[in-house]
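The next block holds one structure in the form of structure tokens; read it before the comments.
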Amino acid sequence: MSSSTRTPSWQPSELELSRQSVRRRATGRSVLIGIVSTVAFAVIVGALIVNTPGWESVKASFFNLEVGAASIPSILVGLWLNIQVLFISAIGVALFGTLLAVTRSLRGAVFFPLRAAATIYTDLFRGMPLLIVLYLVGFGLPALDIFPRMPAMFWGTIALILTYSAYVAEVLRAGMEAVHPSQRMAARSLGLSHAKTLRIVVIPQGVRKVVPALMNDFVSMQKDVGLISILGAVDAVRAAQIQVAQVYNFTPYVIAALLFVAMSWPMIRLTDWLTARLAKREQIGGVV
């Protein structure tokens, strides 16, 4: 083909170039305004705090760098226990929560007792504070003398699984109910059983619809895993409490809080990014 018959490559028009230039200037101006306003807000808030009458006392009690640096090693050892409990709890919640969601979605009168039991379970554990569940599981079940002696982290893990499975089950069930009925009917018309329809068609689509909500539950569990300290487990919170009792200073609590935030922050940002991505794909009509 001769060069005279080739189609010229697309080039933006002058109008489009001017629009892009305007958008770039507007974006740069917005970023600059955001940075300046954030810095100004931080300076004002910081100035207000450090000029309060009790700031020096609070600074000495909560922000003692020497005490904080000395407490980091023991708190990190305790945080590793929290991470282990969180890992095992996440697996247990995923399995038990899915089982509860599937049980609540069973059709037919014969499954009514199972549906009722799953409903009562989710209502009970969603309404009960996690702290009380920890007390009941951590001190009540061992008192039955039917279980071998287990460490406190074991009972704390069980309590977390029991509580968060109820929340995750309801989120999963909402996602499964959001799948259009035509998907179920199409799967059944192809000869798939109810179990295969759930496993191959309904659950994968339902999970995609509720991924942000599931990740929010995981972030919440990352925070609540610190409550196992009430059972006597020497986790990050308990390690900080021991340090506070030794030095009569609250800085170890601040260190523990910062470590929990550092542990949760990647998942929080990932949740926000994924939520924005799913919303953007829905707005452009893509497959979520």
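The values are calculated or read from the model by the stated rules, or taken from the named source; none is laboratory data. Treat the numbers as computed from the prediction; the structure is a model and nothing was measured. Note that we place each Cβ from the backbone using ideal geometry, even for glycine, and neighbour counts take in every protein chain shown. The protein model used for the area step is the full one, side chains on, heavy atoms only, and it has no ligands, DNA or RNA in it. Shrake-Rupley method; radii C 1.70, N 1.55, O 1.52, S 1.80 Å.
Data for the structure
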| quantity | calculated |
| --- | --- |
| Subset of the range 245-283 that is open to solvent by 80 Å² or more (accessible area, probe 1.4 Å), aromatic (Phe, Trp, Tyr) and in a helix (DSSP H, G or I) - its residue that is modelled with the highest pLDDT | 253 |
| From the options 97, 92, 78, 34, residue that is part of a helix (DSSP H, G or I), at negative phi, without any contact (Cβ under 8 Å) to a residue 60 or more places away in the chain and open to solvent by less than 40 Å² (accessible area, probe 1.4 Å) | 34 |
| Qualifying residue in the range 93-112 (condition: closer than 24 Å to residue 259 by Cβ and out of contact with any strand residue (DSSP E or B) (no Cβ under 8 Å at 6 or more places or on another chain)) | yes |
| Qualifying positions in the range 139-158 - assigned to a helix (DSSP H, G or I) and closer than 19 Å to residue 85 by Cα | 139, 141, 142, 152, 153, 154, 155, 156, 157, 158 |
| In the range 122-174, the residues that are more than 17 Å from the chain's Cα centre (by Cα), open to solvent by 40 Å² or more (accessible area, probe 1.4 Å) and closer than 17 Å to residue 90 by Cα | 153, 154, 158 |
| Hits in the range 37-51 (condition: over 17 Å from residue 63 (Cβ atoms) and open to solvent by 80 Å² or more (accessible area, probe 1.4 Å)) | 38, 39, 41, 43, 44 |
| Subset of the range 175-188 (residues that are free of Cβ contacts under 8 Å to residues at least 24 places away in the same chain and within 20 Å of the chain's Cα centre (by Cα)) | none |
| Test: residue in the range 88-106 that is at pLDDT below 90, closer than 30 Å to residue 175 by Cβ and small (Gly, Ala, Ser) | yes |
| Any hit, the range 55-72, residues being assigned to a helix (DSSP H, G or I), surrounded by 14 or more Cβ atoms within 10 Å (Cβ to Cβ) and in contact with a Lys or Arg (Cβ under 8 Å, 6 or more places away or on another chain) | no |
| Count - residues of the range 10-21 that are open to solvent by less than 80 Å² (accessible area, probe 1.4 Å) and of a type outside the set (S, T, N, Q) | 3 |
| Any chance residue 111 is open to solvent by 30 Å² or more (accessible area, probe 1.4 Å), out of contact with any helix residue (DSSP H, G or I) (no Cβ under 6 Å at 6 or more places or on another chain) and in contact (Cβ under 8 Å) with a residue 60 or more places away in the chain | no |
| Candidates 195, 118 - the one that is open to solvent by 40 Å² or more (accessible area, probe 1.4 Å) and in a helix (DSSP H, G or I) | 195 |
